[in-house]
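Let me begin by presenting the structure, written as structure tokens, before commenting on it.
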Amino acid sequence: RFEKAKNIPSFVSSGLFILVKLLAMFVAGLIILKLFGRTSRTIVSAGYNNFWSNLGIGVAGMVAVPAVSILLMFTVVGAYAAIILLLSFALILMIGVIYGAMFLGATFEKLIRKEKEIRLSWTTLLWGVIAEGIISLIPFVGWFAVLVFCLAGFGTLLWTMKHRLEI
């Protein structure tokens, strides 16, 4: 039964994995764009205009949220809060990766079309997902570049959520 799977070259299976991952990111991004269109435009434009500060917020969030969750788990009272915080962290991180692809796509579209405004559409998302997939194939430097855009997306999402949740 499994003999055919052994005969598949590893570069084919890893290429198929990358293709499925990029397709899944594109579909998830389309869902985010459809459900949260105006908010997504706000997040991408804020992330593009304040890229470095949002990158710093993303790095700080990557360190602080798990550290606080671990500290909360040691207390009996904070165990449920820690679980909720970690699950929220994972969800926001996944959405932040998609916004990182949108930043990358907006950057490419702005450079190609030489426009002053950032437009956000399915083509922006497609550019970003394809660019992220190609850049991630470059060892070390590409991985670091993709990480930077994903952390900037994560930081912008954290910053936007903080300001939206304030009363």
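The values are calculated or read from the model by the stated rules, or taken from the named source; none is laboratory data. Small disclaimer: the values here were computed from a predicted structure and weren't measured. Every residue, glycine as well, gets a Cβ built from its backbone with ideal geometry; the counts of neighbours run over all protein chains shown. All accessible areas refer to the heavy atoms of the entire protein, side chains included, with ligands and DNA or RNA removed. Shrake-Rupley method; radii C 1.70, N 1.55, O 1.52, S 1.80 Å.
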* About its Cα centre, what dipole magnitude does the range 94-153 give when the only charges are +1 on Lys and Arg Cβ and -1 on Asp and Glu Cβ, stated in debye to the nearest 20? -> 180 debye
* Asked: What is the extension gain from residue 80 to residue 17, computed as 0.36 nm multiplied by their sequence separation minus the C-alpha to C-alpha distance, in nm to one decimal?
  -> 19.2 nm
* Asked: For the range 1-146, what % of the accessible area comes from carbon and sulfur atoms, probe 1.4 Å?
  -> 76 percent
* Mind listing which chymotrypsin sites (Phe, Trp or Tyr not before Pro) in the range 89-152 are in a DSSP loop and have 13 or fewer other Cβ atoms within 10 Å? -> 140
* Give me the distance in nm between label points sitting 7 Å out from Cα along the Cα-to-Cβ direction at residue 49 and residue 123, one decimal. => 2.4 nm
* Asked: Using a simple charge model, +1 on the beta-carbon of Lys and Arg, -1 on the beta-carbon of Asp and Glu, nothing else, what dipole does the chain show about its Cα centre, in debye to the nearest 20?
  -> 360 debye
* Structure fact -> Only helices counted: for the chain, with every DSSP H run of 4 or more residues adding -39500 (n - 2.57) and the sum spread over all residues, [θ] at 222 nm is -29000 deg cm²/dmol
* Asked: Using a Gaussian network model of the chain with C-alpha springs under 10 Å, which one of 112, 95, 32 is most mobile by mean-square fluctuation?
  -> 112
* Could you give the length gained on full extension between residue 141 and residue 59, defined as 0.36 nm per residue of separation minus the Cα-Cα distance, in nm? -> 27.7 nm
